[in-house]
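*Asks:* Here you go, one structure.
The values are calculated or read from the model by the stated rules, or taken from the named source; none is laboratory data. Everything quoted here is computed from the prediction, not taken from an experiment. Here the Cβ positions follow ideal geometry from the backbone for every residue, glycine too, while neighbour counts run over all protein chains shown.
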Amino acid sequence: MIRYAITDPSTLDLHHLERDLKRFSQKASMIVYRDRSGISMKNAPAFVKAAKQFDFEKVLIHGDHKLAKRLGADGVHLSSLQIDEIPEAKAQGLFVVVSTHTLEELQKAEALGADMATFSPIFETPGKGMPVGLEALRSVTSQVTLPVLALGGILTQEQIEACEAHGASGFASIRYFGA
């Protein structure tokens, strides 16, 4: 099962980068550097360099495939509004994860060549609207061949197992890995 850590300023202290990456590496198989404010993207080079010293299968940058390529990251995580950038990111040789919230977005991501997608929110999570639930996860995963990672409100081993039982290839989380 893929275990994908999404970093956030609340879970990653750039002053203690190696300490925090060690903590993430104990639970996560993949990691993405994400800072939606854009203020700390200047720290992306240090993050990629440090994360490459750990045993992550993939180290990604959120939202900027050109930066991901320039920094030597393994890939990029695109938002659902960036789905049309998948072919360009793939042409750069990057591993591409894309955020999705509907079956149509998942199908489009698959058709454009994404390597993997998150689907959310599965469970209740702050600021993300009504959760779609496990049955919706089962429905969408049965209609695509693209690996789908459950995202949203995943905090416990029981939730992780439920997502896997409902067709997810893994899960992504901020808070699960931040603890």
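*Asks:* Within the range 49-69, is there a residue that is buried (at least 20 other Cβ atoms within 10 Å of the Cβ), touching a strand residue (DSSP E or B) at 6+ places or on another chain (Cβ under 6 Å) and more than 21 Å from residue 117 (Cα to Cα)?
*Replies:* yes
Rundown of residues vs (1) over 23 Å from residue 28 (Cβ atoms); (2) in contact with a strand residue (DSSP E or B) (Cβ under 6 Å, 6 or more places away or on another chain), yes/no style:
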position	(1), (2)
97	no, yes
113	yes, no
121	no, no
136	yes, no
149	no, yes
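*Asks:* Looking at 104, 135, 88, 124, can you tell me which residue is under 27 Å from residue 56 (Cα atoms), among the acidic types (Asp, Glu) and more than 16 Å from the chain's Cα centre (by Cα)? Spell out the reasoning first.
*Replies:* Working: 104 fails: under 27 Å from residue 56 (Cα atoms); 135 fails: under 27 Å from residue 56 (Cα atoms); 124 fails: under 27 Å from residue 56 (Cα atoms).
Of the residues listed, the single one that is under 27 Å from residue 56 (Cα atoms), among the acidic types (Asp, Glu) and more than 16 Å from the chain's Cα centre (by Cα) is 88.
Conditions tested, residue by residue: (1) surrounded by 15 or more Cβ atoms within 10 Å (Cβ to Cβ); (2) without any contact (Cβ under 8 Å) to a residue 40 or more places away in the chain; (3) under 11 Å from residue 178 (Cα atoms); (4) touching a Ser or Thr at 6+ places or on another chain (Cβ under 9 Å).
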{"position": "2", "(1), (2), (3), (4)": "yes, no, no, yes"}
{"position": "6", "(1), (2), (3), (4)": "yes, no, yes, yes"}
{"position": "9", "(1), (2), (3), (4)": "no, yes, yes, yes"}
{"position": "16", "(1), (2), (3), (4)": "no, yes, no, no"}
{"position": "19", "(1), (2), (3), (4)": "no, yes, no, no"}
{"position": "22", "(1), (2), (3), (4)": "no, yes, no, no"}
{"position": "27", "(1), (2), (3), (4)": "no, no, yes, no"}
{"position": "34", "(1), (2), (3), (4)": "yes, no, no, yes"}
{"position": "41", "(1), (2), (3), (4)": "yes, yes, no, no"}
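*Asks:* What is the residue count in the range 8-37 for residues that are at pLDDT 95 or above and within 15 Å of the chain's Cα centre (by Cα)?
*Replies:* Residues meeting the conditions: 9.
*Asks:* Condition check: within 21 Å of residue 2 (Cα to Cα), among the hydroxyl-bearing types (Ser, Thr, Tyr) and at pLDDT 95 or above. Does residue 125 satisfy that?
*Replies:* On the way: within 21 Å of residue 2 (Cα to Cα): yes; among the hydroxyl-bearing types (Ser, Thr, Tyr): yes; at pLDDT 95 or above: no.
No; evaluated as a whole, the condition is false for this residue.
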